[in-house]
Amino acid sequence: MFKTALLGATLLVAGAAAGTAMADTLADVKKAGVFTVATEMQFPPFDFLENNEYKGVDKDLFDEVAKELGVKAKYMDLPWTSVLPGLEAKKFDLVIAPVTITKERVKRYSFTVPISEATAALMKRADDKTINKPEDIAGKKVGGGKGTSQLAQVKEFGQTLPTPPDVREYVDSNQSYADLAAGRVDASVNSLPNLNFAAAQRKETFAVVLPPFGKPSYFSWVGRPSDDDKSLIEAVNAALVKIQKDGRMAAIQKKWFGVSQELPTTVPEPQL
């Protein structure tokens, strides 16, 4: 009786282990025919809503990835502070919000190949003559998105100035831009592609401060680092590299940025 029970328990454990080993998110996605991804749709030109329709770089790019994988894309709109925790909780399959590759994040997440440059820069009001280079934000009010690497970078940069700026955190970048236009802050921090887009949309209101102050960096999409998700990330990477090589990525970049970018086809070592 004891031996029979022990054998049954052993087989149960072995079966559970085998089931765990066979888990594969890519296989699940292909079986369902739906690839569920999440982002914050308040980050133009990457992700935004226009007349309640989702648009942007990530939407166009992931539509192409989904075609390559032969599945439909399902998009979820979440606050930025909920996006990465939602990934860890397995509420969706991948984060397509543009996430800056950093040394701390690569310890916790699996990154795809880059989808854009992400170097941090500043934007001012177009009529502001007091800010002509990044160092001119000393002692001024600077706004940025809460939890972003760009906000962290401007805080670090501010400590190198004679008088650190008063850095203010916002739920999303659009709120920071609104306060900049209203004069409640003197500058906004974000990635250079985001700021170029915002300034181009409102030339009479905003101007980008050049050169960028941040270290060269990249945006990527983010997945879970588990063995279950390894094949999913590999498939997305293969699709992205194909899209880059055949010119589709350059066309999407020109549509939203006005220019194309040369990007690595492997995940680069983070500088931040």
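Below, the figures for the structure above:
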{"quantity": "Residues (within 16 Å of residue 183 (Cα to Cα) and without any contact (Cβ under 8 Å) to a residue 24 or more places away in the chain) located in the stretch 136-166", "calculated": "none"}
{"quantity": "Test: residue in the stretch 190-198 that is of a type in the set (S, T, N, Q), within 21 Å of residue 59 (Cα to Cα) and open to solvent by 20 Å² or more (accessible area, probe 1.4 Å)", "calculated": "yes"}
{"quantity": "Residue list for the stretch 200-213, restricted to those being modelled with pLDDT of 95 or more and within 24 Å of residue 249 (Cβ to Cβ)", "calculated": "208, 212"}
{"quantity": "Inter-residue pairs, beta-carbon under 6 Å, first farther than 25 Å from residue 192 by Cα and in the stretch 27-56, second assigned to a strand (DSSP E or B) and open to solvent by less than 10 Å² (accessible area, probe 1.4 Å), 6+ apart", "calculated": "29/35"}
{"quantity": "Qualifying strands (runs of 3 or more DSSP E) (wholly inside the stretch 57-154; at least 1 residues being surrounded by fewer than 21 Cβ atoms within 10 Å (Cβ to Cβ) and assigned by the TED database to the domain that holds residue 234)", "calculated": "72-77"}
{"quantity": "Any hit, the stretch 173-190, residues being under 18 Å from the mean Cα position of the chain (by Cα), of a type in the set (A, V, I, L, M, F, W, C) and outside the structural domain of residue 101 (by the TED database)", "calculated": "yes"}
{"quantity": "Number of positions in the stretch 155-184 that are modelled with pLDDT under 95 and open to solvent by less than 70 Å² (accessible area, probe 1.4 Å)", "calculated": "3"}
{"quantity": "Subset of the stretch 214-252 that is of a type in the set (Lys, Arg) and either within 24 Å of residue 148 (Cβ to Cβ) or in contact with a strand residue (DSSP E or B) (Cβ under 6 Å, 6 or more places away or on another chain) (or both) - its residue that is modelled with the lowest pLDDT", "calculated": "215"}
{"quantity": "Matching residues, the stretch 219-272, being assigned to a helix (DSSP H, G or I) and touching a Ser or Thr at 6+ places or on another chain (Cβ under 7 Å)", "calculated": "228, 229, 232, 233, 236, 237, 240, 241, 244, 250, 253, 254"}
{"quantity": "Selection status of residue 106, in contact with a helix residue (DSSP H, G or I) (Cβ under 9 Å, 6 or more places away or on another chain) and among the hydrophobic types (A, V, I, L, M, F, W, C)", "calculated": "no"}
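The values are calculated or read from the model by the stated rules, or taken from the named source; none is laboratory data. Predicted model only: the values in this text are computed from it and were never measured. Please note: Cβ atoms are built from the backbone with ideal geometry, for glycine as well, and neighbour counts cover all protein chains shown. Please note that ligands, DNA and RNA were not included when accessible areas were found on the heavy atoms of the full protein model with its side chains. Shrake-Rupley method; radii C 1.70, N 1.55, O 1.52, S 1.80 Å.
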